[in-house]
Amino acid sequence: MAVRPVLEGCSGRCRTRPAIVAGMESSGALNAHTVDDAQPSQASIDLYRTLSADIASGVAVASTLWRKRDYAATVTGHMSVSYDPPTMLVSLYDGGRIADAVSESGTWALSLLGSGHQSTANWLASPGAPLEGLLTQVPFRRGPATGAVIIDGALAYFELRTVDIHEAATHLLVVGEVLSMGRDASGREVQDPLIHHSSSYRRLAP
């Protein structure tokens, strides 16, 4: 048996009370870095950037068609939210062109990339990528439901209609219901996703 403090309901700073728990809880305190509630220090921000880079995530391209112009950007913050109805979420930097375009257009697409798409991921992740000619070196087709860009060879793709947008710190969390979906890869390509980990692109080990 081990005694572990647990939070009691409160407002403001929470108090703890001891609770008896069974299991394999290790002794000794964690060497945790505490983040200031009011204003995180630069040291906290830098440490968070280092630690959060250890989150392994699939790489995708978010795209939209707005005012007859294509917008597309590489993203690693995306997830499936629900199966019924099919719903997804993407995190977009609030200061980026893609965030403005997705917010205004109301529809968008997400193409999941394979390991062979690394050059596409690099190009569409570049802050200096021009709006004019953005897709001249990227093979793509258009989604039937939204007209948005779908990357050729995508492991899977989804076209979505925005149902909610949440502001979170420097990003917008855009929630969308799926309008259409499919796969443009085949065979072993489907089992070879492009992964982002430790600030680099990687592949799953064979």
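Quick notes on this one:
- Those residues of the stretch 133-160 which are within 22 Å of residue 106 (Cα to Cα) and out of contact with any Ser or Thr (no Cβ under 7 Å at 6 or more places or on another chain), in sequence order: 134, 135, 140, 141, 142, 147, 156, 158
- Filter result for residue 192 (of a type outside the set (Gly, Ala, Ser) and within 19 Å of the chain's Cα centre (by Cα)): yes
- Among the residues of the stretch 76-90, those that are crowded, with 17+ Cβ neighbours inside 10 Å and hydrophobic (A, V, I, L, M, F, W, C) comprise 88, 89, 90.
- Residue 145 being free of Cβ contacts under 8 Å to residues at least 40 places away in the same chain, crowded, with 16+ Cβ neighbours inside 10 Å and on the phi < 0 side of the Ramachandran plot: yes
- Residues of the stretch 109-133 that turn out to be touching a residue at least 40 places away in the same chain (Cβ under 8 Å) and farther than 26 Å from residue 202 by Cα, as a count: 1
- Elements of type strands (runs of 3 or more DSSP E) contained in the stretch 61-163, each with 2 or more residues being at pLDDT 95 or above and hydroxyl-bearing (Ser, Thr, Tyr): 69-75, 78-83, 86-93, 107-112
- In the stretch 91-101, the count of residues that are touching a His at 6+ places or on another chain (Cβ under 7 Å) and surrounded by fewer than 17 Cβ atoms within 10 Å (Cβ to Cβ) is one or more.
- Only one of the numbered conditions (1) surrounded by fewer than 19 Cβ atoms within 10 Å (Cβ to Cβ); (2) closer than 21 Å to residue 68 by Cα is not met by residue 122, and that is (2).
- Selection within the stretch 22-54 - under 22 Å from residue 77 (Cα atoms) and outside any loop (DSSP other than H, G, I, E, B): 44, 45, 46, 47, 48, 49, 50, 51, 52
- Residues of the stretch 183-193 classified as touching a strand residue (DSSP E or B) at 6+ places or on another chain (Cβ under 6 Å) and outside any loop (DSSP other than H, G, I, E, B), total: 2
The values are calculated or read from the model by the stated rules, or taken from the named source; none is laboratory data. Quick caveat, the model's predicted, so the values are computed rather than measured. Neighbour counts run over all protein chains shown; Cβ positions are idealised from the backbone, glycine included.
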